[in-house]
Amino acid sequence: MRKVDCLIVGAGAAGMMCAAEAGRRGRSVLLVDHAKAPGEKIRISGGGRCNFTNLRTAPENFLSANPRFCISALRRYTQRDFISLVERHGIAYHEKTLGQLFCDDSSKQIVEMLTTELRQAEVRLELSTSVASIARLGSGYRVELSSGSVEAASLVIATGGKSIPKMGATGFAYGVAEQFGIKVMPTRPGLVPLTFDPDTLERLKPLSGISVEAEVACGKTRFAEGLLFTHRGLSGPSILQISSYWREGEEIRIDLAPGTDASEVVLKAKADNPKQAVQTALASVLPKRLAVAIAEEAGTVRPLGDTGDKALRALGERVNRWRVKPSGSEGYRTAEVTLGGIDTASLDQKTMEAKAIPGLYFIGEAVDVTGWLGGYNFQWAWSSGWSAGQAV
Ligand code: FDA
């Protein structure tokens, strides 16, 4: 029987940060993961360059049943703290857009940085290790691992959400919560491409590969970022962002030329040059292939002079106020994150400890705190992991 101060399950972003901090405080820490390598999601993140934080991180960039829960952890360990860590390890980085920080070279540098921190903090890391059972034992926990039994004063669950099961994502954290009577908020895929009914899809398919800067809205929430037409539906940053706010049955509103009144453009073009084709005039505000497709769908592939003002206004509406109802999303198979999770009302916002179950902690994506696209989810993993690391 091995005894440790702290057992952490899940060697992802949050688990590694928590382990390094606890180890540095002199705790004996065992960090286990069922995967063969730590930080696999870090490795594949940000197109291989890891968007590790966002300069503009603020509580407003997170979704949760309790939007105030994340404030304490985000204040205790900020984006600037993580940037200092990255700089101490000599990792070169740059801001891509909208405050998003990426490694210049490779996301593997972030994994290496964290494993170096683990070594320095004398954390024991055991991979290919699964958990068979957890039981409360006096003031601590007895955990049956595939490598044997462990007794731990503190138990940290850092196993993430359900996104990308192919990479080893499991609903493990939710099962542990249920075992201890802790509420789990309903989960659903977030930051995920949206899909459409067969008719809409048929119309969208020829546009596959086109990308535009768009403003996409659902209810009162809107994001102005890139939009990508794919052979399955719509994707790109603006769609991924809105997917976290979209609920089945709702429509989304898309402005394909934000800041430009497309009706005005074509009406002015008609006055200036009535012989010009409608689609050519439209191509001054949209990619050509998209302009042609929209003009075709509106039945206005002809000279501007032969097209009534009403039809041109309707065309502009299609560009600036396209309303479309997604039929669903690509699901956990491609979702970057899982919305919902461990109810924040059950956790201490400063330490992530379960209020009713001393010594049990939940951190990272498993918790009902989900960030926007753009480095916010890793910042939540670092901040919540660091906060628990000070308390275990
Ligand atoms: P994470 O998923 O990182 O780690 C959980 C760990 O637990 C894993 O190592 C897993 O193997 C282990 N585990 C799971 N079940 C277990 C079990 N039953 N027993 C033992 N171990 C178990 N975010 C961001 O801010 N910037 C970005 O660039 C990206 N890019 C990105 C790309 C892609 C393709 C995806 C899927 C996701 C992103 N994200 C992102 C989101 C980000 O990866 C995510 O929010 C964090 O990794 C969450 O960190 P956690 O440590 O909570 O979970």
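Which residue out of Ala366, Ala354 is more than 9 Å from the ligand (Cβ to nearest atom) and small (Gly, Ala, Ser)?
Result: Ala354 is the single residue among Ala366, Ala354 that is more than 9 Å from the ligand (Cβ to nearest atom) and small (Gly, Ala, Ser).
I'd like the full set of residues that are open to solvent by 30 Å² or more (accessible area, probe 1.4 Å), within 11 Å of the ligand (Cβ to nearest atom) and under 26 Å from Gly140 (Cα atoms), limited to region 1-48.
The one that is open to solvent by 30 Å² or more (accessible area, probe 1.4 Å), within 11 Å of the ligand (Cβ to nearest atom) and under 26 Å from Gly140 (Cα atoms): His34.
Being part of a loop (DSSP other than H, G, I, E, B) and crowded, with 20+ Cβ neighbours inside 10 Å is the filter here; which residues of region 91-120 pass it?
Passing the criteria: only Ser107.
Going by what's in this entry, would Pro206 be described as touching a residue at least 60 places away in the same chain (Cβ under 8 Å), open to solvent by 20 Å² or more (accessible area, probe 1.4 Å), more than 23 Å from Ala295 (Cβ to Cβ) and out of contact with any Phe, Trp or Tyr (no Cβ under 6 Å at 6 or more places or on another chain)? Give the steps one after another, and end with the answer.
Details: touching a residue at least 60 places away in the same chain (Cβ under 8 Å): yes; open to solvent by 20 Å² or more (accessible area, probe 1.4 Å): yes; more than 23 Å from Ala295 (Cβ to Cβ): no; out of contact with any Phe, Trp or Tyr (no Cβ under 6 Å at 6 or more places or on another chain): yes.
In short, no.
If you take just the strands (runs of 3 or more DSSP E) that sit entirely in region 313-392, which of them hold at least 2 residues that are under 17 Å from the mean Cα position of the chain (by Cα) and buried (at least 18 other Cβ atoms within 10 Å of the Cβ)?
Once the strands (runs of 3 or more DSSP E) in region 313-392 are filtered for at least 2 residues that are under 17 Å from the mean Cα position of the chain (by Cα) and buried (at least 18 other Cβ atoms within 10 Å of the Cβ), what remains is 337-342.
Would you mind stating whether Pro165 is in contact with a strand residue (DSSP E or B) (Cβ under 6 Å, 6 or more places away or on another chain) and closer than 24 Å to Trp372 by Cβ?
In short, no.
If I filter region 288-297 for residues that are outside any helix (DSSP H, G or I) and either over 30 Å from Ala58 (Cβ atoms) or open to solvent by 10 Å² or more (accessible area, probe 1.4 Å) (or both), do I get at least one hit?
no
Of the residues that make up region 71-78, is at least one within 11 Å of the ligand (Cβ to nearest atom), buried (at least 23 other Cβ atoms within 10 Å of the Cβ) and in contact (Cβ under 8 Å) with a residue 40 or more places away in the chain?
Checked region 71-78: no residue is within 11 Å of the ligand (Cβ to nearest atom), buried (at least 23 other Cβ atoms within 10 Å of the Cβ) and in contact (Cβ under 8 Å) with a residue 40 or more places away in the chain.
The values are calculated or read from the model by the stated rules, or taken from the named source; none is laboratory data. Small disclaimer: the values here were computed from a predicted structure and weren't measured. Backbone-built Cβ (ideal geometry, glycine too); neighbour counts: all protein chains shown. Heavy atoms of the whole protein, side chains included, go into the accessibility calculation; ligands, DNA and RNA do not. Shrake-Rupley method; radii C 1.70, N 1.55, O 1.52, S 1.80 Å.
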